[in-house]
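Undergrad: Below is a structure I'd like to ask you about.
The values are calculated or read from the model by the stated rules, or taken from the named source; none is laboratory data. Treat the numbers as computed from the prediction; the structure is a model and nothing was measured. All Cβ positions, glycine included, derive from the backbone under ideal geometry; neighbour counts span all protein chains shown.
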Amino acid sequence: MKSKILQAAMISFLCLYPQINFAGGGGEPVEAPVYDELLNQISMREAEMLWQAGIPFYDVNTLEVWTQGYIPGAKFFNVRNWKKLLPENKDQTMVFYCVNKLCTASEMAAREVMKLGYTDVRQMPDGIEGWKLSGRKVERP
């Protein structure tokens, strides 16, 4: 009985507020952006191998996420003068990551770096959460 009442209440709610049924808040649909820079996304295993080889990692998270732990040696990238953090050699391999697969900050950062002419830019979609969940080592400031 409670289940049917709850179900009826939910249906009534959804019928009274149809605008919440659509993602995007009811705005006009727009085309998804098309990027010229094709990302080189890597697995956690590939990331660990690059990290062990001393390849530079860039953490594109907020300061709050950064303080909860980051890949050892990773540079905090969410700063105004981020271009100064980049290596002089534009062929240098580098890896960007943020929180997890839902976060796009590392994708945006990697694309911006590629626009500057860097040729071996990698992006780790699993982010710091994937790194932690897999039991890999993290540092804290």
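Undergrad: Does Gly117 satisfy the condition of being outside any helix (DSSP H, G or I), surrounded by fewer than 18 Cβ atoms within 10 Å (Cβ to Cβ) and free of Cβ contacts under 8 Å to residues at least 40 places away in the same chain? If you could, list the steps in order and put the result at the bottom.
TA: Details: outside any helix (DSSP H, G or I): yes; surrounded by fewer than 18 Cβ atoms within 10 Å (Cβ to Cβ): yes; free of Cβ contacts under 8 Å to residues at least 40 places away in the same chain: yes.
In short, yes.
Undergrad: Can you confirm whether Ile128 is in a loop (DSSP other than H, G, I, E, B) and in contact (Cβ under 8 Å) with a residue 40 or more places away in the chain?
TA: Values: in a loop (DSSP other than H, G, I, E, B): no; in contact (Cβ under 8 Å) with a residue 40 or more places away in the chain: yes.
When the stated conditions are applied, Ile128 does not pass them.
Undergrad: Tell me the helices (runs of 4 or more DSSP H) entirely within region 1-101 that contain at least 1 residues that are at pLDDT below 90 and more than 24 Å from Val113 (Cα to Cα).
TA: On the way: elements: 2-16, 44-52, 63-66.
Once the helices (runs of 4 or more DSSP H) in region 1-101 are filtered for at least 1 residues that are at pLDDT below 90 and more than 24 Å from Val113 (Cα to Cα), what remains is 2-16.
Undergrad: Out of everything in region 70-103 that is surrounded by 13 or more Cβ atoms within 10 Å (Cβ to Cβ) and among the polar types (S, T, N, Q), what residue ends up being nearest to Ile55 (Cα to Cα)?
TA: The residue in question is Thr93.
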